[in-house]
Each structure stands twice: as structure tokens, then as C-alpha cells.
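Working notes for the structure below.
The values are calculated or read from the model by the stated rules, or taken from the named source; none is laboratory data. Treat the numbers as computed from the prediction; the structure is a model and nothing was measured. Please note: Cβ atoms are built from the backbone with ideal geometry, for glycine as well, and neighbour counts cover all protein chains shown. When the accessible area is computed, the model is the full protein with side chains, heavy atoms only, and any ligands, DNA or RNA have been set aside. Shrake-Rupley method; radii C 1.70, N 1.55, O 1.52, S 1.80 Å.
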Number of protein chains: 2
Amino acid sequence: MKKIINKPEDVVTEALIGMQEAYPDKLEYIEGFEVIARKKKEDKVAVISGGGAGHEPLHAGFVGKGMLDAAVSGNVFSSPSPDRIGAAIERMDSGKGVLLVIKNYSGDIMNFGLASDLAEADDRTVESVVVKDDVAVPDSTYSTGRRGIAGTVFVHKIAGAKAESGASLSEVKAAAEKAISNIRSMGMAMTPCILPAVGKPGFALGEDEIEIGMGIHGEPGVEKTKVKSAKEVAEILLEKILADYDYSGSEVAVLVNGLGGTPLMELYILNKEVQEYLKAKGIRVYKTLVGNYTTALDMTGCSLTLMKLDDELKELLDAECDTPALKW
Amino acid sequence: MKKIINKPEDVVTEALIGMQEAYPDKLEYIEGFEVIARKKKEDKVAVISGGGAGHEPLHAGFVGKGMLDAAVSGNVFSSPSPDRIGAAIERMDSGKGVLLVIKNYSGDIMNFGLASDLAEADDRTVESVVVKDDVAVPDSTYSTGRRGIAGTVFVHKIAGAKAESGASLSEVKAAAEKAISNIRSMGMAMTPCILPAVGKPGFALGEDEIEIGMGIHGEPGVEKTKVKSAKEVAEILLEKILADYDYSGSEVAVLVNGLGGTPLMELYILNKEVQEYLKAKGIRVYKTLVGNYTTALDMTGCSLTLMKLDDELKELLDAECDTPALKW
């Protein structure tokens, strides 16, 4: 296994420490709980997310002004335990309530749910939203219902901006839910990822084979097929997304996301095809993100995400943010 | 070959178009010349860089306020022709002169030199600086003298900030040269990259083998060795860097750079080791960048860069910048 790591069992802790040390003035690492939090608790609704590690920069890379207040990490591809989530809630709740942004995986639903119940028993006010943006499959290996994937980044941005504006917990939740209802994603994988603790690929793809609709933990997708051109990849993924949600005539935010092992050059080529496709469909692009935002360790491949915008979502999308992975 | 591309011969053009389309308000693509430039020519010294493609986000990803005015791309791993460089000079020279930031490869030295001569024959004032930060080998496959690698990003930042401040061409050149003299880098590769037009790896590394000091085009390094831990990688690279330049007692900027196929999780783990090592040596870290800044297509591996800071360099490093790949 060729990875820049020390002991496989230490990768999550060490990556979080190494991340915090790159932003010592802004981020805090809560030892023993695998939480990255803002240094300062703000007098506002706290937005907290998290999930399994291995999707960097998701989730901790989006902690900072205008996005998350804290991110809680589990082990690689494994949900964080309720005590970790509870530690993040306790640290960041100013008394104005907490919104948990959860990706739709059974482990996360259970653990964030338990943490929420425990916090409420402790007289805190906690609400949750669940991201399920992946249109590839109706149910999946680790989820009942659609999986939550890269669209989560947009939910962090929208909820975080609303919270930063001083909105109430119910207003922040409503903005997050509007974003979620307007977001659809779908991905494609070309090579498997290797879990540090396993040391070999979790599944196989032929020399000339890709998998359409594969999940960010290597969950099965829609079909295995021959390698496609960038143009075909854009068409296949966007067709499925547009068949699920009617974006015609609307303005959208676009995320062209890499899965960790795919370099920026390829993502830019894909973006060219995405922009052409959307233009031909009469869908106006308001803002585009291209990069590795929600990854699957060293998997190569991509996902595409669209979020339909209205005036409120545009304003929240444009609002200032200052996090390791997103800043404007 | 598993890449998200269309025709191999179109990758550079299509990636630049796809990049410009992600930043339509800020960047312009000069068709036929593979140049990405700022939309607006500013009344200041223009800082222009470029080189072979395949190192994204270098160079075009650093075009924008506070860094480059334009970036010129060659084909993959191949220097841009003088006419392309000339087109960038012509577009961005406000009359206050142009600084070319060149990485030390024979093709770039020749072509940027020719473009500079032609521009001067055209009554423009053009100066050049050459980045040769890689301490791995004294000469290399494509260079007489040391190779220019990821430290180039810091040179773009320093020269760009100085130019943005309204400084003269000689002042901008002096700041860039100070940065260059204070910067040292060294890298390590774990897997080869695949050139789109070739379709197979350009060199081989064993299942359990890495190469210390390999260049960003796969040029030979210092030694092939067994896979090392993150701690050992940090030690090997930093020892060689510190043996070449005395950073003891000084304050530095650090770049923990990925080569394109290495995910952020591993770079953060490496950063933890880098920070510990520098601390033990009494070297104070002023600012740290962690990410894929100077890549080699889909190569996995990393490089480390240190830049010694004084008050001027700190101020220039901290100055506002707004580019696709660096923003603060």
C-alpha cells in the first residue's frame, strides 16, 4: 500500500491534527473526540456536521466563518459515535440552538439522532436535516433512501450563511431544507480506493471499466461500462440528474467534484462539457465550483451536483465564507 | 487509460476553457495561444508565468489579483512556444514593464528568453527571474542546474503582491529574487503519472517502492527505496532541504504539496510530521499551505517547500490575493 501515513489506525487523528496545525489561528482540534471546531463560539445558531473520515476536505475543511461551526469525524468510512457529536454540540452551542447536517447513511442517522436526543435531554435545542442528493440508486449498501454525497457542501454553505446572518434555528433549518430539496448529484468511479486499515482495493474494476453511479464508499452504482469520454460522462450524469429534477429555465450552482485521485486538469475538462450541456438545455449557471471537495480517499472519478437557486439561495451562496476549503 | 478527457490532443485547450468557464467574471482565455489572463489589464508591472501543462493549478490557477496577470501553457510537460508567451506579454503589459517567472527547464529558459527578446525589440521592458528550488539533484533530465518545482507558487505570490502594490519593475524583480533565494523544495513520488497522449506510465516503480527526489515530470531523483512512513518522508525531505539552506532560528512559510493523485488526508498527516520536525529544529512556522498546488498529472507523492521570511516577505505573503487556487 502506497500512502503517506504512519500507522493505519492513526490516520484520522493525525490528519485532523495536521489540518488544525495548518490553520492554528482559526481552528481547534478537540482531542479524544475527533472534532474540528472554530476557535471562538459565536452568539448564533451553531451548524455542525460530520461523518466518516476519508472524504476530505469534507467535513472539517468547511469549518469556519459562514459555514460550519464544528465537524465531527468518525473512523474512515465509519460514522462518529454519539459522544463525539455530543462534544461538538456542547462546545459550540451558544444557547441559540444547533442544526445538525447529516448525510443519509444509516450509521450517521442513528448516531447523530442519539446525540441529538442526549443533547435535548440536557436542555439544548437541536434540529437536524438530512442530505440525500445522489440520484443514482433509490437505496444503497449503507442507506435507506438516497445517499448523501457532494451536494452536502452546498448545504453547509447555505445553512452556514443563514446562521451567520443571525437567523433563528427554524430559519436556518428552513434554508438548509430548501437547499436540500433543490440539490441533485450523481457520480462515477474509475478506480477503487484503498482503506488504510485494509491495504487493498475494496472492489475491482477492469482495466478499461468505470462504474456509473458508484457511491463515495465504493457502494454499487447503476452499471459498469467501458471508459467514456469527458463529454459522455457529463451527458450520462446530467441526464440522470435532469430526469429526476426539472432544472429547465432555472439558474443553478454547479459543483464538479473530484473523488480524491483525479487531478484538476481532468475536472476542468469535465467542467467544459458540463457548461456546454447545461447551456444547450437552457439552464443558466450562476456559480461553478471545480475541485476535490467530497472525496473517497484516493478513488479516481467525479461527481456532478446542481443546486437550483432563488434570490435567497443566491444571497446565501454569495455570502462571505472563510474556511480551509472554501473562501470568498 | 482511465482519464476524464476527450481526445488526448485536446486536453490542454479543453482544460483551460473549462477553467475559464468556472471564473467567467475574472479570467479570460486567449484562444490559439493557450493563455489565461486577468480580464482587466491593470496599470502596474505585469507578472507573467507559464510552462508545460499537467501541473494544475500551476500556472493558470494563480492568475488573479495579487498574483499573476497571465499564465501561458505549453502542451503537457512541454514548454510554451515564444509566440504564446508574446501574446500574454502584449495583452498584459500596461507600459510599466513585465516580469517573467520561469521555472528552470531548458525549454522554458529558451522560449521565455526568445519571447522576452522579441518583446524588447518591440520596445517593451521585460525582466525575468528563474526558479530553481529543488535541492534533490544538481542537474536533471530537462534542466541545467536545479529544477523549478512547487516553490514557484511562493514566487508568484511574492512577485504578484509587490507588483500589485505599485512597485517598479526593478523592485518587483528584486522581491521575486529575494523569495527565490530563500526558497528550497524537495519531493517524493510513489506512482508514475500517465501522459494523455502516451496512455501508459512513463516509468516504473515497484509495488512497494517510492522515489526520493523525483521531478515533476518523472525525472530521476536521488534513490528508489521502500515505502516510508509519513514521519520518515518528512525527515528525509526536510533534512536534505536544511542541509542545503540554513533555516535555523528563522521564520518560514511552508508548502506541503501533493502531486495530483494524493488525497488531502495524506497531505495533512504529512503536515503534522513537518510541523513537529520544524518545531524540534527551532524553526518557526508563520504560514502553512497544504494541498495540490504543483502537480504532475495523476502522480501520487508530495513535495515540501520552505521559504525564509523577513518583514517584507511576510507583508507580501499576507497581502490580499484572489485567484482560483489561492485566496485570502
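Descriptive notes on the structure:
- Qualifying residue in segment B:31-50 (condition: under 24 Å from B:Cys193 (Cα atoms) and surrounded by fewer than 24 Cβ atoms within 10 Å (Cβ to Cβ)): no
- Restricting the search to strands (runs of 3 or more DSSP E) fully inside segment B:174-264 and requiring at least 2 residues that are surrounded by 20 or more Cβ atoms within 10 Å (Cβ to Cβ) gives B:183-191, B:209-212, B:251-258.
- Selection status of A:Gly301, at positive phi, outside the structural domain of A:Gly52 (by TED's automatic domain parsing) and out of contact with any helix residue (DSSP H, G or I) (no Cβ under 7 Å at 6 or more places or on another chain): yes
- Residue list for segment B:288-313, restricted to those being more than 9 Å from chain A (Cβ to nearest Cβ) and open to solvent by 40 Å² or more (accessible area, probe 1.4 Å): B:Lys308, B:Asp310, B:Asp311, B:Glu312
- Beta carbons closer than 6 Å, at least 6 apart along the sequence or on distinct chains, pair a first residue in segment A:151-180 that is under 17 Å from A:Gly97 (Cβ atoms) with a second that is open to solvent by 60 Å² or more (accessible area, probe 1.4 Å) and of a type outside the set (A, V, I, L, M, F, W, C) for A:Leu169/A:Glu127; A:Lys173/A:Glu127.
- Candidates in segment B:116-151 are the residues that are part of a loop (DSSP other than H, G, I, E, B) and of a type in the set (Asp, Glu); of these, the one that is surrounded by the fewest Cβ atoms within 10 Å (Cβ to Cβ) is B:Asp123.
- Residue list for segment A:178-222, filter: over 20 Å from A:Asn292 (Cα atoms) and at pLDDT 95 or above: A:Lys178, A:Ala179, A:Ile180, A:Ser181, A:Asn182, A:Glu209
- Top-ranked residue of segment B:87-115 - restricted to ones that are in contact with a Pro (Cβ under 7 Å, 6 or more places away or on another chain) and hydrophobic (A, V, I, L, M, F, W, C), ranked as most open to solvent (accessible area, probe 1.4 Å): B:Leu114
- Flag if A:Ile5 is modelled with pLDDT of 95 or more, over 13 Å from B:Lys272 (Cβ atoms), touching an Asp or Glu at 6+ places or on another chain (Cβ under 8 Å) and not assigned by TED's automatic domain parsing to the domain that holds A:Pro196: no
- Any chance A:Tyr277 is in a helix (DSSP H, G or I), more than 9 Å from every other protein chain (Cβ to nearest Cβ) and either of a type outside the set (Gly, Ala, Ser) or within 21 Å of B:Ile4 (Cα to Cα) (or both): yes
- The lone exception for B:Thr225 - which of (1) in contact with a strand residue (DSSP E or B) (Cβ under 9 Å, 6 or more places away or on another chain); (2) away from chain A (no Cβ under 14 Å) it fails: (2)
- Qualifying residue in segment A:72-86 (condition: in contact with a Lys or Arg (Cβ under 9 Å, 6 or more places away or on another chain) and either open to solvent by 40 Å² or more (accessible area, probe 1.4 Å) or within 23 Å of A:Ile194 (Cβ to Cβ) (or both)): yes
- Test for B:Ser143: is it at pLDDT 95 or above and polar (S, T, N, Q): no
- Residue in segment A:228-243 that is over 18 Å from the mean Cα position of the chain (by Cα), polar (S, T, N, Q) and closer than 29 Å to A:Asp318 by Cα present: no
- Within segment A:16-36, the set of residues being in contact with a Phe, Trp or Tyr (Cβ under 8 Å, 6 or more places away or on another chain) and over 14 Å from B:Glu276 (Cβ atoms) comprises A:Leu16, A:Met19, A:Val35, A:Ile36.
- When each of A:Val72, A:Val63 is tested for being in contact with a helix residue (DSSP H, G or I) (Cβ under 8 Å, 6 or more places away or on another chain) and either hydroxyl-bearing (Ser, Thr, Tyr) or not assigned by TED's automatic domain parsing to the domain that holds A:Pro196 (or both), the lone residue that passes is A:Val72.
- In segment A:254-268, the residues that are facing chain B (nearest Cβ under 7 Å) form Cβ pairs under 7 Å with partners that are part of a helix (DSSP H, G or I) and among the hydrophobic types (A, V, I, L, M, F, W, C), at six or more places apart or across chains, as follows: A:Met265/B:Val11; A:Met265/B:Ala15; A:Tyr268/B:Ala15; A:Tyr268/B:Met19.
- Enumeration of residues in segment B:85-111 that are farther than 16 Å from B:Lys41 by Cβ and free of Cβ contacts under 8 Å to residues at least 60 places away in the same chain: B:Ile85, B:Leu100, B:Ile102, B:Lys103, B:Asn104, B:Tyr105, B:Ser106, B:Gly107, B:Asp108, B:Ile109, B:Met110, B:Asn111
- A single member of B:Lys231, B:Lys240 is more than 11 Å from chain A (Cβ to nearest Cβ) and modelled with pLDDT of 95 or more, and it is B:Lys240.
- In segment B:157-173, the residues that are open to solvent by 40 Å² or more (accessible area, probe 1.4 Å) and either outside the structural domain of B:Gly97 (by TED's automatic domain parsing) or over 21 Å from the mean Cα position of the chain (by Cα) (or both): B:Ser165, B:Gly166, B:Ser168, B:Ser170, B:Glu171
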